[in-house]
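These notes are about the structure you will find just below.
Taken together, the values in this text are just the output of simple stated rules run on the coordinates, not laboratory data. Here the structure is a predicted model, which is why all the values come from computation and not from measurement. Cβ placement follows ideal geometry from the backbone for every residue including glycine, while neighbour counts extend to all protein chains displayed.
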Amino acid sequence: GENVEQHPSTLSVQEGDSAVIKCTYSDSASNYFPWYKQELGKRPQLIIDIRSNVGEKKDQRIAVTLNKTAKHFSLHITETQPEDSAVYFCAATPSSGGSYIPTFGRGTSLIVHP
Amino acid sequence: ETGVTQTPRHLVMGMTNKKSLKCEQHLGHNAMYWYKQSAKKPLELMFVYSLEERVENNSVPSRFSPECPNSSHLFLHLHTLQPEDSALYLCASSQVTGLDYGYTFGSGTRLTVV
């Protein structure tokens, strides 16, 4: 089955700095890679996603890159703000056999210091 | 409101009690999921219902029993739980046909077993 590794487990930055969270996956059949943000005491929310036919996707201050050959993808947050503080989860989703169940990374706790 | 509603938000139950968690989605999605989220652990998939059929059990103890009467409603019946079952139980829904199959999560039920 799929195995997703996510690093780092904790990331502490100063407001205004950039933050990068990296994930690797093992199953070459995975073709959909969402990122979720979970603020303290709240539900995880999909913030950005990328498909295997795209190398990079941006949405304002967040971007995701995908390297299919190396089987890794990353979340980039620029100009971080205190409200970016949360746990971020990556996931890799296969599309084989009609099953679209993602495998989640263990999460990265991002702390943005004002 | 996210489109996925979970009740109750908080639940305290004794080990001999029987209770049920409820999830309802108004997004027209055709798959629903139960996840367990414990501190310091990754999201654990418990049950999947895709097109109203259970497609993955994931070796969950029989004290957890899911029910999906239709594509909009999902229940998790609980009985004779253990203290280690205390966790946040998240419901999610997605569309497993088409191209967009990211999750929408509910706000979760915080379960405490005493």
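A few remarks follow.
- Compactness of the protein assembly as shown as Cα Rg over 2.2 N^0.38 Å, two decimals: 1.02
- Residue among A:G16, A:G55, A:G41 with the largest mean-square fluctuation in a Gaussian network model of chain A, springs linking Cα atoms under 10 Å: A:G41
- On the beta carbon distance between A:K68 and B:H26, with R0 = 35 Å, the FRET formula returns roughly 0.50.
- Counting, for every residue in B:101-110, the Cβ atoms of other protein chains within 10 Å of its Cβ and taking the mean gives 5.
- Taking segment B:57-94 and a reference point 7 angstrom along Cα→Cβ of B:T16, the backbone N atoms nearer than 15 Å belong to B:79-82.
- Here segment A:1-107 is treated as a sphere whose radius is the Kirkwood value from Cα pairs; by Stokes-Einstein at 37 °C and 0.692 mPa s it diffuses with a coefficient of 234 µm²/s.
- Taking 4.7 Å between C-beta atoms as the pairing limit, the protein assembly as shown has these partnerless cysteines: B:C68.
- Chain B shape via C-alpha gyration tensor axes, a/c threshold 1.5: prolate
- Segment B:26-65 and segment A:1-70: distance between their alpha carbon centers, rounded to Å: 22 Å
- When the listed pairs A:K71/B:K22; A:K71/B:K40; A:K22/B:K40 are checked against a 28 Å cut-off, the alpha-carbon distance exceeds it for A:K71/B:K22.
- Sites B:E56 and B:T97, calculated FRET efficiency, Cβ-Cβ separation with R0 22 Å, nearest 0.05: 0.80
- Contact order for chain A, expressed relative to its length and based on alpha carbon pairs under 8 Å spaced 6+ residues apart, stands at 36 percent.
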